[in-house]
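Visitor: Got a structure here, written out as structure tokens. Questions coming.
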Amino acid sequence: MTHYWTEIVRIMSTQKAVTTEGTNTIGEKVFMRFCSEPNKEAEDIYDKLKNKKMPFRKIKIKKVCSTQQRK
């Protein structure tokens, strides 16, 4: 691979990650993370670095609302 660093950053910036949060019916905060599919150039870079193409698919993290925390 003979790309300049700025070109690698440009290629890798095409893959996006989104975090969404909300509150479920019992008052817990739910955080969800989604990652877009990498394009062919990004996949090639991941292969060369021996990294996963999708760092994560979907992660749910539930935290108890502050009004429900125990003391």
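Visitor: Residue under question is ARG70, and the condition is that it be exposed (fewer than 10 other Cβ atoms within 10 Å of the Cβ), more than 18 Å from the chain's Cα centre (by Cα) and modelled with pLDDT under 80; does it hold?
Guide: When the stated conditions are applied, ARG70 passes them.
Visitor: Could you tell me which residue of segment 1-28 is modelled with the lowest pLDDT, considering only residues that are within 18 Å of the chain's Cα centre (by Cα) and surrounded by 13 or more Cβ atoms within 10 Å (Cβ to Cβ)? Don't jump to the end; show me each part of the working.
Guide: So in segment 1-28, the residues within 18 Å of the chain's Cα centre (by Cα) come out as 9-22.
Still in the running and surrounded by 13 or more Cβ atoms within 10 Å (Cβ to Cβ): 11-12, 15.
Details: ILE11: 92, MET12: 91, GLN15: 88.
Among residues in segment 1-28 that are within 18 Å of the chain's Cα centre (by Cα) and surrounded by 13 or more Cβ atoms within 10 Å (Cβ to Cβ), the one modelled with the lowest pLDDT is GLN15.
Visitor: Among the residues of segment 42-61, write down those that are modelled with pLDDT of 70 or more, open to solvent by 70 Å² or more (accessible area, probe 1.4 Å) and closer than 30 Å to GLU28 by Cβ.
Guide: LYS52, PRO55
Visitor: Taking ARG33, is it modelled with pLDDT of 85 or more, basic (Lys, Arg) and surrounded by 10 or more Cβ atoms within 10 Å (Cβ to Cβ)?
Guide: no
The values are calculated or read from the model by the stated rules, or taken from the named source; none is laboratory data. Because the structure is predicted, anything quoted here is derived from the model rather than measured. Methodologically, a virtual Cβ is constructed for each residue, glycine included, from the backbone with ideal geometry; neighbour enumeration extends over all protein chains shown. Areas reflect the complete protein model, heavy atoms only, side chains present, ligands, DNA and RNA absent. Shrake-Rupley method; radii C 1.70, N 1.55, O 1.52, S 1.80 Å.
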